[in-house]
Amino acid sequence: MKGGNVNEFIDNMSYGDELVFVYCGRKLFLQGWHKDGVHEMMLDQWEPFVEPWQGYLWKHSADSMKKCVDAFLEAPIFDGKRFWDVEAEIEWVDA
């Protein structure tokens, strides 16, 4: 991971922190939250913004944030590849 430590990035995911990163020229936004006993995590495109909004690129609900993080790491959402397959191409940036 460029611009930061991948283990710290994953730790921040576990807390539901807002994370912004660049993959293949697109700035993406990852965030988690907890409401009414349900943990959720979503990924959306930050820039370039696409109108009209078509919904999240990826979203997952579970009974723990760890399960959301695990689902994100395993989901083939990066051009059909998982996070660990493209981790070296991701740049962690400020919004």
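Filter the range 59-95 down to residues that are out of contact with any Cys (no Cβ under 6 Å at 6 or more places or on another chain) and either assigned to a strand (DSSP E or B) or without any contact (Cβ under 8 Å) to a residue 12 or more places away in the chain (or both), then give me how many there are. Reasoning before the result, please.
We begin by selecting, within the range 59-95, every residue out of contact with any Cys (no Cβ under 6 Å at 6 or more places or on another chain); these are 59, 61, 63-95.
Filter once more, so that each one left must be either assigned to a strand (DSSP E or B) or without any contact (Cβ under 8 Å) to a residue 12 or more places away in the chain (or both): 59, 61, 70, 74, 76, 78, 80-85, 91-93.
So the answer is 15.
Out of everything in the range 38-59 that is surrounded by 12 or more Cβ atoms within 10 Å (Cβ to Cβ) and among the acidic types (Asp, Glu), what residue ends up being farthest from ARG26 (Cα to Cα)? Per the criteria, the residue is GLU40. Looking across the range 19-58, the residues that are aromatic (Phe, Trp, Tyr) and outside any strand (DSSP E or B) come down to PHE49, TRP53, TYR56.
Given the structure, is GLY4 of a type outside the set (Ser, Thr, Tyr) and either touching a strand residue (DSSP E or B) at 6+ places or on another chain (Cβ under 6 Å) or closer than 19 Å to ASP85 by Cα (or both)? Don't jump to the end; show me each part of the working.
Details: of a type outside the set (Ser, Thr, Tyr): yes; either touching a strand residue (DSSP E or B) at 6+ places or on another chain (Cβ under 6 Å) or closer than 19 Å to ASP85 by Cα (or both): yes.
So GLY4 passes the test.
Which residue, of ASP85, ASP36, ASP17, is of a type in the set (D, E, K, R) and modelled with pLDDT of 95 or more? Write out each step before concluding.
Values: ASP36 fails: modelled with pLDDT of 95 or more; ASP17 fails: modelled with pLDDT of 95 or more.
Of ASP85, ASP36, ASP17, the one residue that is of a type in the set (D, E, K, R) and modelled with pLDDT of 95 or more is ASP85.
Against the numbered list (1) surrounded by 12 or more Cβ atoms within 10 Å (Cβ to Cβ); (2) among the small types (Gly, Ala, Ser); (3) closer than 14 Å to PHE29 by Cα, ALA62 comes up short only at (3). Could you give every pair whose Cβ atoms fall below 8 Å, whose first residue belongs to the range 1-15 and is under 25 Å from HIS34 (Cα atoms), and whose second residue is assigned to a helix (DSSP H, G or I) and not hydrophobic (A, V, I, L, M, F, W, C), counting only separations of at least 6 or pairs across chains? Taking only residues 6 or more apart or on different chains, the pairs are VAL6/GLU87; SER14/LYS66.
The values are calculated or read from the model by the stated rules, or taken from the named source; none is laboratory data. Being a predicted model, the structure only gives us computed values, none of them experimental. Here Cβ is always computed from backbone atoms with ideal geometry, including for glycine, and neighbour counts include all displayed protein chains.
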